[in-house]
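Trainee: A single structure is presented below for examination.
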Amino acid sequence: MPPHLKTISIATVFDRSSFGQPIWREVATQLLIERFRNDNTLQLVDRSGDAELRATITTISEEPVTLRAGEIERERKIRVTVEAEYVDHVKQRSIWRRAFTSEQFFPIAQAATARDQAIRTALEQIAGDILLAVISDW
């Protein structure tokens, strides 16, 4: 990590996924804040940090799992993609911009509850991947 970066601000996550549940942008924002607060490599500030993290949920999609002829669908797959940008405000440049994706499976018998948990798990994994990318300059 660049030594001149001591603080980071995390912008509210946008949601361009068209999934239709605005709660996921709030969940994603809180998960990122929690990850960075718990890690404490960079001091988290509300605004005007040395660095800034911006993120947008671009995809939340639900797909059937491949079935063989005659099989009954038992589980589905959730795919979540978040595009993130890590910006250095001291040197006025973007350090990196990339997409992070997670796929999770859930049983269709548990319907919306299992789907929501799969989305949350995917966002948790992505928040961890983003933290790792920031602190390791990955």
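Trainee: Collect the residues in segment 81-133 that are in contact (Cβ under 8 Å) with a residue 24 or more places away in the chain and of a type in the set (Val, Ile, Thr), keeping them in residue-number order.
Mentor: Matches in segment 81-133: Thr81, Val82, Val87, Val90, Ile95, Thr101, Ile108, Ile119, Ile126, Ile130.
Trainee: Please go through segment 12-43 and give me each residue that is out of contact with any Leu (no Cβ under 9 Å at 6 or more places or on another chain) and outside any helix (DSSP H, G or I), ordered by number.
Mentor: Thr12, Phe14, Asp15, Arg16, Ser17, Ser18, Phe19, Gly20, Gln21, Pro22, Asn40, Gln43
Trainee: Return a yes/no flag: does segment 39-60 have any residue that is in contact with a His (Cβ under 7 Å, 6 or more places away or on another chain), aliphatic (A, V, I, L, M), surrounded by 13 or more Cβ atoms within 10 Å (Cβ to Cβ) and at pLDDT 95 or above.
Mentor: yes
Trainee: Which of the residues belonging to segment 8-28 are surrounded by 18 or more Cβ atoms within 10 Å (Cβ to Cβ) and either in contact with a helix residue (DSSP H, G or I) (Cβ under 7 Å, 6 or more places away or on another chain) or farther than 19 Å from Ile135 by Cβ (or both)?
Mentor: Once the filter is applied, which keeps residues that are surrounded by 18 or more Cβ atoms within 10 Å (Cβ to Cβ) and either in contact with a helix residue (DSSP H, G or I) (Cβ under 7 Å, 6 or more places away or on another chain) or farther than 19 Å from Ile135 by Cβ (or both), segment 8-28 yields Ile8, Ile10, Val13, Asp15, Ser17, Trp24, Arg25, Val27, Ala28.
Trainee: Among the residues of segment 1-45, write down those that are farther than 30 Å from Glu62 by Cα and polar (S, T, N, Q).
Mentor: Thr7, Ser9, Asn38, Asn40, Thr41, Gln43
Trainee: Next up: Tell me, yes or no, whether segment 74-90 has at least one residue that is surrounded by 12 or more Cβ atoms within 10 Å (Cβ to Cβ), assigned to a strand (DSSP E or B) and of a type in the set (Gly, Ala, Ser).
Mentor: Yes, segment 74-90 has at least one match.
The values are calculated or read from the model by the stated rules, or taken from the named source; none is laboratory data. Note that the structure is predicted; figures quoted are calculated from it, not measured. Every residue, glycine as well, gets a Cβ built from its backbone with ideal geometry; the counts of neighbours run over all protein chains shown.
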